[in-house]
Structures are given as structure tokens and as C-alpha cells.
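Down below is the structure, laid out as C-alpha cells.
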Amino acid sequence: MAAANEAFPRTGLSGQQTTLGGETVGSIRSQNPFMVAENVNVHYGDIHAIRNVSLEIGKREVIALIGPSGCGKTTFLRCLNRMNDSIESARVTGQITLDGRDIYRKQQDPVALRARVGMVFQKPNPFPKSIYDNVAYGPRIHGLAADRAQLDDIVHTSLERAGLLKEVRDRLDEPGLSLSGGQQQRLCIARTIAVNPEVILMDEPCSALDPIATARIEDLIDELCEDYAIVIVTHSMQQAARVSQRVAYFHLGLLVEVDETNRIFTNPQHKLTEDYITGRIG
Ligand SMILES: Nc1ncnc2c1ncn2[C@@H]1O[C@H](COP(=O)(O)OP(=O)(O)OP(=O)(O)O)[C@@H](O)[C@H]1O
Ligand SMILES: [Mg+2]
């Protein structure tokens with residue numbers, strides 16, 4: 001952990017964290033832990049992008065990951081469903097469990113894992129297929145529907161839950177790419193939930209959307225968290241405050257502080273967290 005300490009400036013502010021000792025400030029624990037990361041490190045070649053991060057993610061919890069550009073939010077998120085596997089230079093160490101089982105164990109099929117831990121990206125990325133086929137894709141490859149009627153049912157239910165069915169009911173055969181950006185993002189969410197994930201990872205899901213489309217996605221997050229654990233990366237403090245119950249602040253690959261959202265925004269314990277949320281670190 002020596003390298004970790006070097007990354008933290010020591011501050012003299014009274015009542016605030018002055019040294020870190022390599023430990024995350026606040027509590028990494030969740031009341032109902034479901035996904036648990038322990039001492040996770042990620043290297044891309046010589047770049048040490050995630051440094052000894054431990055964090056528990058609870059069932060039916062929305063946790064927001066915040067921090068300056070390049071601090072490792074996306075890298076950490078991608079560890080949670082093994083998306084880093086496809087990056088040749090990436091080396092992940094430590095342990096991540098889902099419902100008690102190591103997601104990096106040899107027998108774990110990454111495709112099956114990604115059905116349980118779905119991901120929504122910054123830029124909506126529908127497949128160049130119809131609206132229907134976008135949502136049906138996952139259930140088809142995972143054999144979730146016995147027949148066409150069942151598949152129709154999954155597609156409709158997923159679109160409904162993603163708040164998109166009303167707008168696309170009569171145009172399911174049209175290309176997903178013919179939808180507006182906000183609709184495309186809800187289509188991607190419908191595609192993700194069609195395979196019944198247990199965790200949904202969202203990497204700045206609203207950064208390409210206008211305020212109305214953003215509000216719709218935020219409402220959706222509120223509804224979805226009744227069933228799923230949601231980990232959302234956001235650069236918007238307002239968004240983190242609106243949608244999450246806990247916030248994790250990353251800085252230079254370290255998890256500096258994690259706490260209840262209200263506490264992070266009203267009474268952060270670490271100076272780096274305070275500097276970031278007040279706009280002194282951008
Ligand atoms: N595929 C990659 N190959 C090499 N280095 C990478 C790769 N992806 C990320 N990095 C490096 O890892 C560090 C963390 O990057 P990451 O994308 O996780 O940051 P981030 O917090 O998501 O930033 P942003 O807010 O800009 O999206 C950065 O130094 C970045 O340059
Ligand atoms: Mg990122």
C-alpha cells in the first residue's frame with residue numbers, strides 16, 4: 001500500500017482526514033452485500049489504474065462512483081463484469097464475488113456473468129437490428145424463451161419496464177438506431193434487463209442526453225433499484241445526489257471515501273472528496 005499513500009496529499013485542515021494510511025475513509029460495507037470487491041488492483045501495462053480497492057455493493061442499492069476524469073471509475077466498473085478481459089494489456093488482481101462466488105474463477109463463463117451483471121454505456125449503442133431484436137437478443141442467446149409468445153412477452157415487459165413501450169409499440173420492426181438518443185438509451189436498458197440481471201452497471205448513462213431524457217432515466221433507476229443493485233458512474237453531483245444511496249469517491253485509482261450520499265455531500269470526511277464536490281478538483 002506504500003504506493004497508495006504517495007498519491008494522497010496530506011492536508012492540515014482541522015477536523016478533516018489528514019493522512020490516509022492506505023485505508024478508504026467511511027465504510028466500504030453494505031448492509032446487504034451482494035457483490036464484494038476485495039483488494040482489487042488493475043494494471044494496464046505499467047499504468048496502475050486501480051489501487052487496492054475494496055467495496056461492497058448491496059442488493060437493491062444504488063451506489064454512485066464519482067471522481068475526476070482518469071481516476072479509474074470505468075476501469076473499476078468494468079472489473080465487475082469482466083469487461084476488462086477483452087483488453088489485452090489489462091491485468092486484474094484481488095477478488096470480486098457475486099453472491100459469494102468468485103467471478104474470476106476458471107469455471108465462470110464471462111458471457112453468463114454479463115447476463116447477471118449487465119452494463120449500460122455512456123453512448124447508447126443499440127445493435128444495428130430492429131427494436132424487437134435488440135431486446136430479444138439476450139433472451140435468445142441465453143435460451144430464456146421457450147417459444148415466440150414467451151419471447152414477445154419478455155420483449156414487451158422489458159420495454160415497458162424501461163419506459164419505452166408506449167413510444168415504440170407500433171414500430172418494433174424499425175431499426176433501434178432510428179430512435180432518438182434518449183430512446184436508444186432506454187432501449188439499451190431494456191436490452192440489459194431482458195436477461196434478468198441482478199446487477200446493472202451504468203457508465204455515465206445520461207451524458208449524451210438532454211435534461212428531459214436524463215430525468216426519465218433517473219426515474220427508471222429509481223424503479224429498477226427495487227429489483228437490482230445498480231452501480232452508476234456519473235460526473236453530475238446532482239445526479240449522484242438524486243439517484244444514489246451511497247457514493248464512492250475515487251482519486252488516482254484509489255477509493256478515497258465511501259459513505260451515505262447525504263453525508264458525502266454535506267459532511268465529507270476527506271479533503272480530496274470535499275475539493276471535488278465543491279468543484280476545486282475537476
Ligand atoms: N484500455 C486502456 N489501456 C490503457 N490504459 C487505460 C485503458 N483504459 C483506461 N486506461 C487508463 O487507466 C486510467 C483510468 O481510466 P478510466 O477510463 O477508468 O478513468 P475514468 O475515471 O473512467 O475517467 P473518465 O471520467 O474520463 O471516464 C487512466 O489513466 C487511463 O488512461
Ligand atoms: Mg470513464
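Numerical summary
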quantity	calculated
Hits in segment 207-224 - residues which are of a type in the set (A, V, I, L, M, F, W, C) and in contact with a Gly (Cβ under 9 Å, 6 or more places away or on another chain)	Ala208, Leu209, Ile212, Ala213, Ile217, Leu220
Among (1) more than 21 Å from Asn134 (Cα to Cα); (2) part of a loop (DSSP other than H, G, I, E, B); (3) within 16 Å of ligand 2 (Cβ to nearest atom); (4) touching a strand residue (DSSP E or B) at 6+ places or on another chain (Cβ under 7 Å), the one test that Pro268 misses	(3)
Checklist (1) within 15 Å of ligand 1 (Cβ to nearest atom); (2) part of a strand (DSSP E or B); (3) within 27 Å of Thr214 (Cα to Cα); (4) not charged (D, E, K, R) applied to Val92, failing item	(3)
Any helices (runs of 4 or more DSSP H) falling wholly within segment 108-203 and containing at least 2 residues that are crowded, with 18+ Cβ neighbours inside 10 Å and of a type in the set (Val, Ile, Thr)	131-141, 148-161, 181-193
Positions within segment 56-87 being within 9 Å of ligand 1 (Cβ to nearest atom), more than 19 Å from Thr234 (Cα to Cα) and surrounded by fewer than 21 Cβ atoms within 10 Å (Cβ to Cβ), in sequence order	Ile87
Subset of segment 202-251 (residues that are over 24 Å from Arg263 (Cβ atoms), among the acidic types (Asp, Glu) and under 12 Å from the mean Cα position of the chain (by Cα))	Asp203
Residue, farthest from ligand 2 (Cβ to nearest atom), within segment 40-74, restricted to residues that are farther than 15 Å from Glu257 by Cα and among the polar types (S, T, N, Q)	Asn41
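Computed from the coordinates by the stated procedures, all read-outs in this text should not be read as laboratory data. If you're wondering where the values come from, they're calculated on a predicted model, not measured in any experiment. Glycine also receives a Cβ, built like all others from the backbone with ideal geometry; neighbour counts cover every protein chain displayed.
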